[in-house]
Each structure stands twice: as C-alpha cells, then as structure tokens.
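Below is one structure, written out as structure tokens; the observations come after it.
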Amino acid sequence: MRDQELAEALQACQAYAQRGYDFANSCYQEIHTTMKAAKKKLKETDRRQSQVDRIANSAVIARERENVEELRQMDWEIQDDLQTLLEQQKEFSVVVFGRTMAGKSTLMEILTHGNGESIGKGAQRTTRDVRD
C-alpha cells in the first residue's frame, strides 16, 4: 500500500512540475511573440527613416536597436532556462536535515528499501552519507 501511495505522490509531483513548465513556457511564448513584433516594427521604422533621411531620429532608432538586441539576448537566456527546467522536471532531489536522532536515516532506509545499516546509534553527531 505504501508503495502505491508513494507512486501516486510522485505522479502528482510530476504533474505539478509539468504544469509549472507549461505555464512558464506559455509566458515565454508571449514574451517571444511581443519581442518579435517589436523587432519587426523597429525594422520598419528603420526602413522608413532611411527613406526620409531624418537625422534627428536616428539616435532614437539606434537606441531602440540596442534595446531589441538586449531583449533578444534575454530571450535566448529564458529559452535556455526553460530547456533546463524541462530536463530537470524529470528528476528531483530531496534533502533531509534535522537534529540528531530525528529519524532522517530511518526515513531514507524506508524510502530506498535499505537494510538498516545506515541507521546510526546516536553516538555520531552527523551522517556523512550522500545516497541516490
């Protein structure tokens, strides 16, 4: 029964992770679409500017071009972060900490179906094992 409950809890965690990724991805897609539209508008403004040859606005357009480039860099970073999030949602780490004799090693033995060897007697002050 406990194995079934654990499997269900892990499935629920995976579903929440997927929902989080889907939400982040949809927000990213909105940002990406907005950035592409801004870039397109800037390109059109730049084209019109070169036809009209107004020197006064060229500095503004140059600044806008720099801003769009910064946004493009951020877009790539967000895309990388989303990819990392997608990859990491398949695995996660659990860190267990607490005072001596609180049951941390016992919990790990139960979760990993261990043989009880890592459970201390209370004489040591710390457990130095890191286990998968």
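Note on region 85-100: among residues that are in a loop (DSSP other than H, G, I, E, B) and surrounded by 12 or more Cβ atoms within 10 Å (Cβ to Cβ), the one that is nearest to the chain's Cα centre (by Cα) is GLN89. Filter region 30-61 for residues that are modelled with pLDDT under 85 and of a type in the set (Ser, Thr, Tyr); which is farthest from the chain's Cα centre (by Cα)? Applying the filter and picking the extreme gives SER50. Count of region 60-93 residues, restricted to those that are of a type in the set (Asp, Glu) and under 19 Å from GLN29 (Cβ atoms), is 5.
The values are calculated or read from the model by the stated rules, or taken from the named source; none is laboratory data. Only a predicted model underlies this, so the values are computations on that prediction, with no experimental measurement involved. FYI the Cβ positions are ideal-geometry reconstructions off the backbone, even for glycines, and counts take in every protein chain you see.
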